[in-house]
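First the structure, in the form of structure tokens, and then the observations on it.
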Amino acid sequence: MHRIIGVLLFVVFVESSFAQNINQSNIPAVVLNSFQVKFPNAEDVSWQQTAGNYHIKFESNKKFNEVFMDYRGNVIKYHQDLWGSEVPESVLNTIKSKVKYFDLNDADLIKEGKNIVYEINFKIEGKDHDFWIDEKGKLLKYREELKDSEIPSSMIKLINTQYGKVDIDRSKRVEENGKIIYIIRGEINDTDHIFTVDSKGSIIKHEQDLRDNEIPKAILQTLKTAYKDYDLRDADLLEEGGKTLYIMRIKRSKENLYLTFNTKGKILEER
């Protein structure tokens, strides 16, 4: 059983799980008026409500847009697709400092508060390159997909020694805030693993898909007694910062719960 692990994916899943489609006729006047004033050329508009805010997707000038607004009609976050010609020269120069030759595949502008970030994606020889750059051209984050041969051999040797021989599925090199990490995804004995390794070659985070027989008995007992009406749908192990946690996803009808346990079977968080 293969499971997707990762904080970012988890957050996206949770947000989408609680999103509710809404007919525009049911949108409060203050929110609808604010949207129409700010985006008068919007077409093919769709509305969702999530966590008390409004998520609006629409097209404008043949480009995809989405915006998050609060109940007063204030813009929380705005995302717009860009033509390549709309990407500032300062952003392009930053990209050229990392990659000399490229063709833009996707360019987006993301505005949150007063902060503007350009998210750029393209492929070179089948490998993804993703950039997050501010409006002044400062590199915020750079993520590069790697070939297996580009992963430092010392990292693979460390994983193989500590966890068993890994069959690599995908790997990336990430540069953010002046730090470099490697994210290596693969299988060990037909089980999914994700390793985050720092530039010094130390494993700083390990995530593992668990089989049912690998879940501690104390956790299974808690699930059996306190959550007997739920079905276990997912089990993951997380090792980070010297701590070991177990994350269980359980389901009853349409309700999903995420439970975080320590090694002794104590519930640390329910979401």
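Assorted remarks:
- Under 12 Å from Lys136, Cα to Cα: aspartates and glutamates that are on another chain or at least 8 residues apart: Glu89
- For the chain, built as a Gaussian network whose Cα springs stay under 10 Å, the top-fluctuating residue of Glu187, Glu66, Glu89: Glu89
- The share of alpha-carbon pairs in region 28-85 lying farther apart than 13 Å comes to 58%.
- Region 105-240 - convex hull of alpha carbons, volume per residue in Å³: 176
- Accessible area, probe 1.4 Å, largest first, for residues Tyr71, Tyr163: Tyr71, Tyr163
- Amide H contacts of Gly137 (H built 1.01 Å from N, under 5 Å, at least 5 apart or other chain): none
- Thr225 - accessible surface, heavy atoms, 1.4 Å probe, Å² rounded to 10: 90
- Residue of Glu112, Glu125, Glu239 that the Gaussian network model of the chain assigns the largest fluctuation, springs spanning Cα pairs under 10 Å: Glu125
- A simple count of charges around Ile76, restricted to other residues whose Cβ falls under 9 Å of its Cβ and scoring Lys, Arg +1 and Asp, Glu -1, yields -1.
- Radius ratio Rg over Rh of region 160-271, counting only Cα atoms, Kirkwood formula for Rh: 1.03
- Relative contact order of region 58-129, pairs being alpha-carbon contacts under 8 Å that are 6 or more residues apart, as %: 24
- Helix-only mean residue ellipticity at 222 nm for the chain, each DSSP H run of n ≥ 4 adding -39500 (n - 2.57), per residue, nearest 500: -5500 deg cm²/dmol
- Distance histogram for the chain (every C-alpha pair counted, 10 angstrom bins, percent rounded to whole numbers): 6, 22, 25, 27, 17, 4, 0
- In this structure, the residue pairs whose Cα-Cα separation is over 28 Å, taken from Lys62/Lys123; Lys62/Lys100; Lys123/Lys254; Lys127/Lys254; Lys157/Lys224; Lys57/Lys228, are Lys62/Lys100; Lys123/Lys254; Lys127/Lys254; Lys157/Lys224; Lys57/Lys228.
- Among Glu119, Glu145, the order of accessible area from largest down is Glu119, Glu145, computed with a 1.4 Å probe on protein heavy atoms.
- Cα-Cα pairs of region 196-249 separated by more than 18 Å (percent): 41
- A 1.4 Å probe over all protein chains sorts Ser154, Ser60, Ser149 by accessible area into Ser149, Ser154, Ser60, starting with the largest.
- Pairs of Cα atoms farther than 15 Å apart, region 122-183, %: 58
- Just checking the listed ones, Gln80, Gln208, Gln221: in the Gaussian network model of the chain with Cα springs under 10 Å, the one fluctuating most is Gln221.
- The mean sequence separation of alpha-carbon pairs under 8 Å and at least six residues apart, normalised by the residue count of the chain, gives a relative contact order of 9 percent.
- Sulfur and carbon atoms: percent of accessible area, the chain [1.4 Å]: 47
- For the chain, the per residue solvent-accessible surface stands at 61 Å², with DNA, RNA and ligands left out and a 1.4 Å probe.
The values are calculated or read from the model by the stated rules, or taken from the named source; none is laboratory data. Everything quoted here is computed from the prediction, not taken from an experiment. Cβ sites come from the backbone with ideal geometry, for glycine too, and all protein chains shown count toward neighbours. Surface areas here come from the heavy atoms of the whole protein model, side chains and all, with no ligands, DNA or RNA. Shrake-Rupley method; radii C 1.70, N 1.55, O 1.52, S 1.80 Å.
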